[in-house]
Amino acid sequence: MFKALREEAPLYYNEEHDFYALSRHEDVSEALRDYKTYSSARGAILELIKANIDIPPGVLIFEDPPIHDIHRKLLSRMFTPRKVFALEPKIRQFCADSLDPLLETGKLDFVKDLGSQMPMKVIGMLLGIPDEDQEAIRDFANEQMRTEEGKPMKAADEGMVSGDIFGAYIDWRKEHPSDDIMTELLNVEFEDETGELRKLTREELLTYINVVAGAGNETTTRLIGWSGKVLAEHPDQRRELVQNDELIPDAIEELLRFEPPAPHVARYVTRDVEIHGRTVPEGSVMMLLLGAANRDHRKFAPDGDVFDIHRDTKQHLTFSSGTHFCLGSSLARLEGRIALEEILKRVPEWEVDLSKASLSPTSTVRGWDTLPTTF
């Protein structure tokens, strides 16, 4: 379908749901960077934009500059390369703790046993959420993205969920500061859009932490799931990775390109715009099909539909582009690399049982809820 769209309908219009879609790499990349024409301020999900709900301040992915830049700058100090790479030993330990007990069983569910465990522990550690509460927080974050067939998306129907679930942790951290994101956000001073020097309000804090908890869990979980399926389907390339782990970072990039955990993003069109000889009117919703752009042979020659760990994957759009380039991309890459290294060390060969695998039902991400394998 993506290929048909790229070749036959590079600007596609869906009458039933009233949205436009771009699928070629050049078009999608350009639109991601043009935030004045393609705005995130009403949300980045088709259902949310259509519902025209209030977006609380601090939801970075649903903001445009200049306010986006102010909020992003605050969070970016939490994800500096130095801070991210200092996490490597801990992430490795989380992987070992999940994988080692399974080695005698001959069975590994890439999502349930690792993908939904390790990212949760990493984000829990960064935010300062106690171990015993992490699963509840992960499930709360994931639940916000779930959809049921034939029913509207929860947030579009009921409005965005507040981050009140994090209130108790904020109160605790005020009294017991620690070396984590929550403490840092509590104490940071910044100049807001009015020029006032201040700290974050409680509502802003709750929103920030809600955003980090959701974004840091779900997408990395899906990446680990896709690594299990795609590498099972390409055993020769999997064996290359076993023999030479220096290829693993490139393999993670190719996995991200080939099966992006978030395959599309939506924007609100702020002015009439001419594309491929047609006018897209102001007020339209534009779907940017990242998954289609990532397979475009014009960018990823000779055939973007082929998985190849030796491919030059520069400028894949899985982490977006421009002002909304993913803040946690270096952490996601690190988690993906370590997970794959630790799996391949222990389990060089596996087969997926697709009869027992299930896809995750959401409007925003695409991937597996369960991916059982035998080895």
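Could you pull out the residue among Asp296, Asp312, Asp303, Asp369 that is in contact (Cβ under 8 Å) with a residue 40 or more places away in the chain and either surrounded by fewer than 19 Cβ atoms within 10 Å (Cβ to Cβ) or under 23 Å from Tyr38 (Cα atoms) (or both)?
Of Asp296, Asp312, Asp303, Asp369, the one residue that is in contact (Cβ under 8 Å) with a residue 40 or more places away in the chain and either surrounded by fewer than 19 Cβ atoms within 10 Å (Cβ to Cβ) or under 23 Å from Tyr38 (Cα atoms) (or both) is Asp296.
Asp27 - would you say it is touching a residue at least 40 places away in the same chain (Cβ under 8 Å) and acidic (Asp, Glu)?
The answer is yes for Asp27.
Which is among the basic types (Lys, Arg) and modelled with pLDDT under 95, of Lys299, Lys314?
Lys314
Keeping to the stretch 181-192, report how many residues are more than 18 Å from Ile165 (Cα to Cα) and touching a residue at least 12 places away in the same chain (Cβ under 8 Å).
Count: 6.
Please go through the stretch 52-102 and give me each residue that is free of Cβ contacts under 8 Å to residues at least 12 places away in the same chain, part of a helix (DSSP H, G or I) and among the hydrophobic types (A, V, I, L, M, F, W, C), ordered by number.
If the condition is that a residue be free of Cβ contacts under 8 Å to residues at least 12 places away in the same chain, part of a helix (DSSP H, G or I) and among the hydrophobic types (A, V, I, L, M, F, W, C), then Leu102 is the only one that fits.
Working only within the stretch 171-217, note down all residues that are acidic (Asp, Glu) and either over 27 Å from Gln144 (Cα atoms) or out of contact with any Lys or Arg (no Cβ under 9 Å at 6 or more places or on another chain) (or both).
Selection gives Asp171, Glu175, Asp179, Glu189, Glu191, Asp192, Glu193, Glu196, Glu203, Glu204.
Could you go through the stretch 333-355 and let me know if any residue there is out of contact with any helix residue (DSSP H, G or I) (no Cβ under 9 Å at 6 or more places or on another chain) and either surrounded by 18 or more Cβ atoms within 10 Å (Cβ to Cβ) or not in a loop (DSSP other than H, G, I, E, B) (or both).
yes
So Asp236 fits all but one of (1) modelled with pLDDT of 90 or more; (2) in contact with a Gly (Cβ under 6 Å, 6 or more places away or on another chain); what number is the exception?
(2)
What's the number of the condition Arg92 fails, among (1) surrounded by 14 or more Cβ atoms within 10 Å (Cβ to Cβ); (2) under 19 Å from Glu135 (Cα atoms)?
All conditions pass for Arg92, except number (2).
Of all residues in the stretch 169-193, which are modelled with pLDDT of 90 or more and exposed (fewer than 11 other Cβ atoms within 10 Å of the Cβ)?
Those that are modelled with pLDDT of 90 or more and exposed (fewer than 11 other Cβ atoms within 10 Å of the Cβ): Glu175, His176, Glu189.
So which pairs qualify, if the first residue must be in the stretch 214-234 and among the charged types (D, E, K, R), the second must be assigned to a helix (DSSP H, G or I) and modelled with pLDDT of 95 or more, the Cβ gap must be under 8 Å, and the two must be at least 6 apart or on different chains?
Arg222/Gly115; Lys229/Phe110
The values are calculated or read from the model by the stated rules, or taken from the named source; none is laboratory data. These figures come from a predicted structure and were not determined experimentally. Methodologically, a virtual Cβ is constructed for each residue, glycine included, from the backbone with ideal geometry; neighbour enumeration extends over all protein chains shown.
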